[in-house]
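Since the structure comes first, as structure tokens, the remarks are kept for the end.
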Amino acid sequence: MNRSIVAYLVLAARFLIGALFIYASLHKILDPAEFAQAIRNYQLGPAELTNLAAMILPWLELIAGALLILGIQTRPSALITTCLLAVFLVGLYRAYFIGLDIACGCFSSAASSAGRIDALTLARDTTLFVISLFIVIRDRGEFSLLGWRRSGA
């Protein structure tokens, strides 16, 4: 078993991002109306689209997170999480710099989120973006179901 340190770092990154995306999706799936309000609070687009986004995004988070943990289609899944994090970051930075006094809605929805967007929120989500991007760039299929089938493990 000659695996590089990078392969183990990618595995750890997959588990971290996967678990966080699954956790982030759960409350949003259970309360899409509250999540739709959290999206509207960002004032990024037409309010009519927030209900659709609130119904689709949490399921996308859940599926991408599960696939990362299970080792199925890891690079495409990481590409999805990286793109989602990029969109979330645009919203977070915009809200922060224009002074919107809103809850992040990252791991819960608007009403149940205690914290406001601050520099720590920006640093956390930027770090998660970099970790997710690392998976996209460095994943070579080690520790994935397809990789194990190919190697005969």
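The values are calculated or read from the model by the stated rules, or taken from the named source; none is laboratory data. Computed from a prediction, not measured in an experiment: that's the story for all the values here. Please note: Cβ atoms are built from the backbone with ideal geometry, for glycine as well, and neighbour counts cover all protein chains shown.
Of the set (1) surrounded by fewer than 18 Cβ atoms within 10 Å (Cβ to Cβ); (2) free of Cβ contacts under 8 Å to residues at least 60 places away in the same chain; (3) within 30 Å of Glu142 (Cα to Cα); (4) over 12 Å from the mean Cα position of the chain (by Cα), all apply to Leu67 but (1).
Check the range 46-64 and report whether any residue there is among the aliphatic types (A, V, I, L, M) and in contact (Cβ under 8 Å) with a residue 60 or more places away in the chain. Looking for residues that are among the aliphatic types (A, V, I, L, M) and in contact (Cβ under 8 Å) with a residue 60 or more places away in the chain, one finds none in the range 46-64, hence no. Within the range 91-103, take every residue that is without any contact (Cβ under 8 Å) to a residue 40 or more places away in the chain and within 17 Å of the chain's Cα centre (by Cα) and give me the one that is surrounded by the fewest Cβ atoms within 10 Å (Cβ to Cβ). So the residue we want is Tyr93.
Inspection of the range 45-61 identifies no residue that is surrounded by fewer than 20 Cβ atoms within 10 Å (Cβ to Cβ) and on the phi > 0 side of the Ramachandran plot.
Testing Gln43 on (1) within 22 Å of Thr121 (Cα to Cα); (2) part of a helix (DSSP H, G or I); (3) polar (S, T, N, Q), one condition comes back false. Which one is that? For Gln43, the exception is condition (2).
Taking each residue of the range 140-151 that is at pLDDT 55 or above and looking for partners that are hydrophobic (A, V, I, L, M, F, W, C) with beta-carbon atoms closer than 6 Å, six or more apart or interchain, yields Glu142/Ala7; Phe143/Leu11; Leu145/Ile72.
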